[in-house]
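The values are calculated or read from the model by the stated rules, or taken from the named source; none is laboratory data. What you see is a predicted model; the values in this text were computed from it and never measured. FYI the Cβ positions are ideal-geometry reconstructions off the backbone, even for glycines, and counts take in every protein chain you see.
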Amino acid sequence: MKDEVALLATVTLLGVLLQGAAALCGLIYLYARFRYFQGYARSAQQRLAPMYASACALWLLLALAALGLLAHFLPAALRTELQELLPRA
């Protein structure tokens, strides 16, 4: 239950800042949890990989939410300086 609370909090926070990333990470998390429950019905070994995948997706959601908050509350002058320092892709 507490995983779902963390998921909802981070997806809501990230959804305010970056809607596409929140939707994609949320879908990855939900698919990993679905695979976890399928593996849970079969054997303990088949549920480990999806469990780790859902944990990684949740950590990715948290990192993206933190980056979104940082980008949102960063002063405009500092933001432009950081964008100049980053290499162009």
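Observations on the model:
- Those residues of the stretch 26-57 which are hydroxyl-bearing (Ser, Thr, Tyr) and either assigned to a loop (DSSP other than H, G, I, E, B) or out of contact with any Leu (no Cβ under 7 Å at 6 or more places or on another chain) (or both), in sequence order: TYR31, TYR36, TYR40, SER43, TYR52, SER54
- In the stretch 1-57, the qualifying residues are those that are at pLDDT 80 or above, hydroxyl-bearing (Ser, Thr, Tyr) and under 30 Å from PHE73 (Cα atoms), and the one that is surrounded by the fewest Cβ atoms within 10 Å (Cβ to Cβ) is SER54.
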